[in-house]
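Chemist: Structure below; questions to follow.
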Amino acid sequence: MSALMDTDLTGKLLIALPGIGDTRFARSVILVCAHSPEFAMGIVLNKPMAHLRLPQLFEQLDVPIEADVPDTFVLDGGPVSSDRGFVLHTDDVYNEGASLPVEGDICMTATRDILHAMGSVQPPRRSVLALGYSGWGAGQLEVELAENAWLVCDLDPELIFSSAHERKWRHALGRLGIDSARLQVDPGNA
């Protein structure tokens, strides 16, 4: 069994390599929120939904707004349950039984009360909302890692909460010392 099979990737970032083979994940950076032998799930951090901003979504969902809500894009978190919201946020707002600790002070909550907290006078210090998530069945992520579809690096809160979505992929690669301009799409044969 490889070391990857024994490694819990919860709280790690997945960085899509050019030859990933699935255009939905091209140049994606994903925060792995849960990983076990049975499944893995994460949120794509760098795919904003061009047609949907947070205040607009709050209005559509009738979420009460007591204070200014940041005018940020809602993220396309992945192709699974794309009608469901997932909020990555700091642990200064935590709902026992609903908030999932991810890494350090980062949590994920997928219940309506986190939306109410985001619209309140005491929102989380930092938060980002995504619709949908990325999911893998038993062993599927490990196979993709073995096929070099993804690189793994440690969490960087700036990659989660920054609004510079177009720079996140290059920034994540740079954390590993990799220049994105040097990556080949098709490695060729010797």
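Chemist: Tell me the accessible surface of I178 in square angstrom (1.4 angstrom probe, heavy atoms of protein chains only), to the nearest ten.
Modeler: 50
Chemist: Here is a follow-up. Please list, in chain and number order, the residues 5+ apart from L75 or on another chain whose amide H is under 5 Å from its amide H, with Hs placed from the backbone.
Modeler: The answer is M49, L129, A130, L131.
Chemist: Could you state how much accessible area M41 has, in square angstrom rounded to the nearest 10, with a 1.4 Å probe and all protein chains kept in place?
Modeler: Accessible area, nearest 10 Å²: 20 Å².
Chemist: Shifting gears a bit: Hey, can you grab everything whose amide H is under 5 Å from the amide H of W150? Only 5+ residues off in sequence or another chain; H modelled, so Pro and N-termini drop out.
Modeler: L17
Chemist: Show me, for the stretch 145-150, the HN-Hα J-couplings you get by feeding each phi into the Karplus relation (A = 6.51, B = -1.76, C = 1.60, θ = phi - 60°), rounded to Hz, glycine and proline as x.
Modeler: 5, 5, 8, 6, 7, 9
Chemist: When only Cα pairs under 8 Å and 6 or more residues apart are kept, what is the percent relative contact order across the stretch 42-190? Each step should come with its number before you reach the end.
Modeler: On the way: 217 pairs, mean separation 39.4, N = 149.
It rounds to 26 percent for the stretch 42-190.
Chemist: In a solvent-free Debye calculation with one equal scatterer on each Cα, what is log10 I(q)/I(0) for the stretch 36-107 at q = 0.11 Å⁻¹, listed in the order of the q values?
Modeler: Values, matching the q order: -0.34.
Chemist: Computed from these coordinates, which is Cα Rg over 2.2 N^0.38 Å: [x] 1.04; [y] 1.33; [z] 0.99?
Modeler: So the structure-derived entry is [x].
Chemist: At 1.4 Å probe size, put E158, E147 in order of accessible surface, largest to smallest. Each step should come with its number before you reach the end.
Modeler: Working: E158 90, E147 130 Å².
Putting E158, E147 in descending order of accessible area: E147, E158.
Chemist: Quickly work out the V152-to-H116 label distance, labels modelled 7 Å from Cα along the C-beta direction, and quote it in nm with one decimal.
Modeler: 3.8
Chemist: If I model a spin label as a point 7 Å beyond the Cα along the Cα-Cβ vector, how far apart are those points for D92 and L61 in nm?
Modeler: 2.1
Chemist: Also, I was wondering about something else. How big is the charge dipole of the chain about its Cα centre, in debye rounded to the nearest 20, if each Lys and Arg gets +1 on its Cβ and each Asp and Glu gets -1 on its Cβ?
Modeler: The calculation lands at about 540 debye.
Chemist: OK, next. Would you mind telling me the antiparallel percentage of the DSSP bridges in the chain, rounded to 5? Mind dumping the intermediate values first?
Modeler: Numbers: 32 of 34 bridges.
Within the chain, antiparallel bridges account for around 95 percent of the total.
Chemist: Of S180, P101, L45, which is farthest towards the positive pole of the chain's charge dipole, taken about the Cα centre with +1 and -1 on the beta-carbons of Lys, Arg and Asp, Glu respectively?
Modeler: Farthest towards the positive pole: S180.
Chemist: Still on this structure: Please give the FRET efficiency for D71 paired with A138, using the beta carbon to beta carbon distance and R0 = 35 Å, rounded to the nearest 0.05. Can you show the working numbers first?
Modeler: Numbers: r = 40 Å, r/R0 = 1.15.
It comes to 0.30.
Chemist: With θ set to phi - 60°, apply the Karplus curve 6.51 cos²θ - 1.76 cosθ + 1.60 along the stretch 126-134 and write out the HN-Hα couplings as whole Hz, x wherever there is a Gly or Pro.
Modeler: 9, 7, 8, 10, 10, 9, x, 8, 9
Chemist: Would you mind telling me the share, in percent, of accessible area of the chain contributed by carbon and sulfur at probe 1.4 angstrom? Walk me through the numbers before you get to the answer.
Modeler: On the way: 5030 of 10010 Å².
Roughly 50 percent of what the probe reaches on the chain is carbon or sulfur.
The values are calculated or read from the model by the stated rules, or taken from the named source; none is laboratory data. What you see is a predicted model, and the numbers here were worked out from it, not measured in a lab. Positions of Cβ are backbone-derived with ideal geometry, glycine not excepted, and every protein chain shown enters the neighbour counts. Heavy atoms of the whole protein, side chains included, go into the accessibility calculation; ligands, DNA and RNA do not. Shrake-Rupley method; radii C 1.70, N 1.55, O 1.52, S 1.80 Å.
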